[in-house]
Amino acid sequence: MGVTSYTHETTTPVAPTRLFKALVVDSDNLIPKLMPQVKNIEAEGDGSIKKMNFVEGSPIKYLKHKIHVIDDKNLVTKYSMIEGDVLGDKLESISYDLKFEAHGNGGCVCKSITCCDII
């Protein structure tokens, strides 16, 4: 068992609060509209588990994410993919840490760290 991590930064002219709201807070509504292969997103239990269902015929049937943190004051979110076809038999989970920070003329930089827990 091991861990592989990947760090990435993306700069955009969109304000950090606006991007955070779209990609994190409103993602359940926005993602199915932007990605036609996503049928819907369902909240399970207390809402900390999100199941993303894909359209019939897609190579992926569904993904489940566990939301650990949504901090709209500091524009940070942390969540893990805990179930789904893309994990296969080699990955136990994939965790994501995202932070949106002000950058330049009203834009932002999105900093992400992705960690894969390998079986």
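A few points about this structure:
- In sequence order, calculated HN-Hα J values of the range 67-84 (Karplus, 6.51, -1.76, 1.60; Hz; x Gly/Pro): 8, 9, 8, 10, 10, 6, 6, 9, 6, 10, 9, 9, 8, 10, 7, 10, 7, x
- Projected onto their three principal axes, the Cα atoms of the range 2-118 cover extents of 43, 35, 27 Å, largest first.
- Residues of the range 37-59 with amide N under 16 Å of a point placed 7 Å along Cα→Cβ from D28: 39-53
- Stretchable slack from A43 to T17, in nm (0.36 nm times residue separation minus alpha-carbon distance): 7.0 nm
Since every read-out is calculated from the coordinates, none of them should be taken as a lab result. None of these values were measured; they are calculated from a predicted model. Using ideal geometry, Cβ is built from the backbone for each residue, glycine included, and neighbour counts are taken over all protein chains shown.
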